[in-house]
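The structure under discussion appears below in the form of structure tokens.
Read the figures in this text as sums done on the coordinates, not as results from a lab. Keep in mind the model is a prediction, meaning the values are calculated, not measured. As a convention, Cβ positions derive from the backbone with ideal geometry for all residues, glycine included, and neighbour counts pool all protein chains shown.
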Amino acid sequence: MESSTQSAKKDLPEEFKKIISEFTQALLEVCPEYNNGDLNNDLKSIILGEATIENIETLYTYCSNVYPANIFSIMGKSDDMFEND
């Protein structure tokens, strides 16, 4: 049986790197306080253009696990999803 990590790697969309890069850069323009040196290393590597497939797969796996489970909190602009982190 495949683990969720193996499944996410197999389903990695080609455009994910571009989307996550543009999203992160836009977020940092709007909220520059997040660019304080604590930015996730995988995100840093993508926005600097130095990403490896492992960086991209790690972020995709994370997004695949977090966002679907919290879609209603995201749409409802609820802070509940940040309480467990």
| note | Final fewest-first order of 60, 67 on the 10 Å Cβ neighbour count is 67, 60
| request: Could you please rank 23, 16, placing first whichever residue has the fewest other Cβ atoms within 10 Å of its Cβ? | output: 23, 16
| message | If each residue of separation counts as 0.36 nm, what is the full-extension length gain between residue 69 and residue 41 once their alpha-carbon separation is subtracted? | response | 7.7 nm
| request: Mind giving me the FRET efficiency for residue 53 and residue 33? R0 is 22 Å, r the Cβ-Cβ distance, nearest 0.05 is fine. | output: 0.15
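Given the Cα-Cα distance of residue 23 and residue 11 and 0.36 nm per residue of separation, how much length would full extension add, in nm?
2.3 nm
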